[in-house]
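Asker: Supplied in structure tokens, the structure appears directly below.
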Amino acid sequence: MDFEKYGAWTSYRRIGKDNAGEAARAVEAAGLGTLWMGGSPRLEEMRPLLEGSETLVVGTSIVNIWGYDPADLVAEYAALEADFPDRLCVGIGVGHPEATSDYKRPLTNLEAFLDGIDAAAAPIPTDRRIIAALGPKMLRTSARRSLGTIPYFTSVDHTRFSRETVGPDALVVPEIACVLDEDVERARATAREYAQLYLGLSNYTNALLEHGFEAADIADGGSDRLIDHVIPHGTAADIAAAARAHVEAGADHVALQTIGGEGIPAVEWSKLAAALA
């Protein structure tokens, strides 16, 4: 499965489910190789994205183990793979303790969930699934039991750490939120509004504190240093440079999430793809 070097990341909250096919065509037309769908979607919700495009690879970022039975996930994968062979990657993750009342022993439960997938008569192949991971134990599990890892809301230092932890063969596929806006203060305000949720989630803040930032950077909506680094802004060329920094740190593929608007960000995707070409 070829993700290509750069892709797009969005959610149905942003684009609307009725616009799935149009969004997939826009990513494909821009020249980005993969569309990652966030917001804990059901796997079957990837069908209109696959139907609306010709060769686009589509991935979930992520399906949440607390809301799925492994057998159901396997069945949904089989149906989509039969109709769209080699175009679907199942991103799997445990979410966050603040967001999931069932959250407990995340690594143990993830391993059990993957065991359930592998117990199926026709399991989701290891090279068709990828795991959201931030800490070292989860990263090592991602390398052992999937293509690799799809970290979210992280730093270049974390990408470097991920590469060192998973080794040379597993994939490292970070998401980068970004703001295409050359007005620095307005762009930072947009970024802070987006970051507010994630700076209140311990999995993300712990990863930031362990890889390049201090408690003062997380307080009060995030320091300029944190905001500028984790959520790059400016011209398409500025954001392309930030994406390339992750590649230089060990990323195989970077998923770009444009923020600050509503609907399908087709123009932004095109500008970013051109800057990255």
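Rule-based calculations on the coordinates, nothing more; no lab input. No experiment lies behind these values; they were computed from the predicted model shown. Heads up, the Cβs are rebuilt from the backbone with ideal geometry, glycines too, and the neighbour counts pull from every protein chain shown.
Asker: Working out 0.36 nm times the residue gap between D183 and A122, then minus their Cα-Cα distance, what length gain in nm do you get to one decimal?
Answerer: 16.8 nm
Asker: Further question: Considering only D252, D228, D115, give the residue with the highest GNM mean-square fluctuation for the chain, with springs between Cα atoms whenever their separation is below 10 Å.
Answerer: D115
Asker: Given C-alpha coordinates of region 81-209, what is the ratio Rg to Rh with the Kirkwood estimate of Rh? Don't jump to the answer; show the numbers that get you there.
Answerer: On the way: Rg = 16.5 Å, Rh = 16.2 Å.
We get a ratio of 1.02 for region 81-209.
Asker: With an 8 Å cut-off on Cα pairs and a minimum separation of 6 or more residues, tell me the relative contact order of region 116-212 in percent. Each step should come with its number before you reach the end.
Answerer: Values: 112 pairs, mean separation 23.9, N = 97.
Once normalised by length, the contact order is 25 percent.
Asker: Would you please name the GluC sites (Glu not before Pro) within region 45-104 that are DSSP coil residues with at most 16 other C-beta atoms within 10 Å of their C-beta? Let's see the in-between values first.
Answerer: Numbers: sites: E45, E51, E54, E76, E81, E98; in loops: E54, E98.
Within region 45-104, the qualifying GluC sites (Glu not before Pro) (loop, at most 16 other Cβ atoms within 10 Å) are E54, E98.
Asker: May I ask you to list the trypsin sites (Lys or Arg not before Pro) in region 68-131 that are in a DSSP loop and have at most 15 other Cβ atoms within 10 Å of their Cβ?
Answerer: Details: sites: R87, K104, R128, R129; in loops: R87, K104.
Those that pass, being in a loop and sparsely packed, are K104.
Asker: What number of lysine-lysine pairs in the chain show an alpha-carbon separation below 27 angstrom, given a sequence spacing of 8 or more or placement on distinct chains?
Answerer: Details: K5/K17; K5/K137; K5/K271; K17/K271; K104/K137.
The number of close lysine pairs in the chain is 5.
Asker: Can you bin the chain into rounded, prolate or oblate? Criterion: square roots of the alpha carbon gyration tensor eigenvalues sorted a ≥ b ≥ c, rounded for a/c under 1.5, prolate for a/b above b/c, oblate for the rest.
Answerer: Working: a/c = 1.63, a/b = 1.19, b/c = 1.37.
Oblate shape, in that a/c is at least 1.5 and b/c is the bigger or equal ratio.
Asker: How long are the semi-axes of the ellipsoid equivalent to region 125-277, from square roots of 5 times the Cα gyration tensor eigenvalues, in whole Å, largest first?
Answerer: Values: eigenvalues 125, 74, 33 Å².
Value: 25, 19, 13 Å, ordered largest first.
Asker: Where in region 250-277 does the label zone of E4 land, with the point 7 angstrom along Cα→C-beta and an amide N cut-off under 19 Å?
Answerer: Only 251-258, 264-277 pass the distance filter.
Asker: Then there is this: Quick check on the chain: helices-only [θ] at 222 nm, where DSSP H runs of length 4 and up contribute -39,500 (n - 2.57) each and the sum goes over total residues. Nearest 500, please.
Answerer: Working: 13 runs with 127 residues, N = 277.
One gets -13500 deg cm²/dmol as the mean residue ellipticity at 222 nm.
Asker: Need one word for region 182-258: rounded, prolate or oblate. Basis is the Cα gyration tensor (sqrt eigenvalues a ≥ b ≥ c); a/c below 1.5 gives rounded, then a/b vs b/c decides. Can you show the working numbers first?
Answerer: Values: a/c = 1.93, a/b = 1.18, b/c = 1.64.
In terms of gyration-tensor shape, oblate.
Asker: How would you order 144-150, 260-266, 219-225 from highest to lowest mean count of nearby Cβ atoms within 10 Å? Please list the in-between numbers first.
Answerer: On the way: 144-150: 23.6, 260-266: 16.6, 219-225: 14.1.
The packing order, highest mean first, is 144-150, 260-266, 219-225.
Asker: Evaluate E = 1/(1 + (r/R0)^6) for A277 and A79, where r is the Cβ-Cβ distance and R0 equals 35 Å; express this FRET efficiency to the nearest 0.05. Present the calculation step by step, with values, prior to reporting the outcome.
Answerer: On the way: r = 35 Å, r/R0 = 1.00.
So the FRET efficiency works out to roughly 0.50.
Asker: Considering just Cα atoms, how many Å³ per residue does the convex hull of region 36-79 enclose?
Answerer: Details: hull volume 2.9 nm³, N = 44.
So the per-residue hull volume is 65 Å³.
Asker: List the GluC sites (Glu not before Pro) within region 157-211 that fall in a DSSP loop (any state other than H, G, I, E or B) and whose Cβ has at most 14 other Cβ atoms within 10 Å.
Answerer: Values: sites: E164, E175, E182, E185, E193, E210; in loops: E182.
In loop regions of region 157-211 (DSSP not H, G, I, E or B), the sparsely surrounded GluC sites (Glu not before Pro) are E182.
Asker: Moving on. In Å, what is the Rg of the alpha-carbon atoms in region 106-170, and how long is Dmax?
Answerer: Spelled out, the Cα radius of gyration and Dmax of region 106-170 are 12.1, 40 Å.
Asker: Once you've got the GNM for the chain with C-alpha springs shorter than 10 Å, pick whichever of A119, A187, A236 has the biggest mean-square fluctuation.
Answerer: The residue that fluctuates most here is A119.
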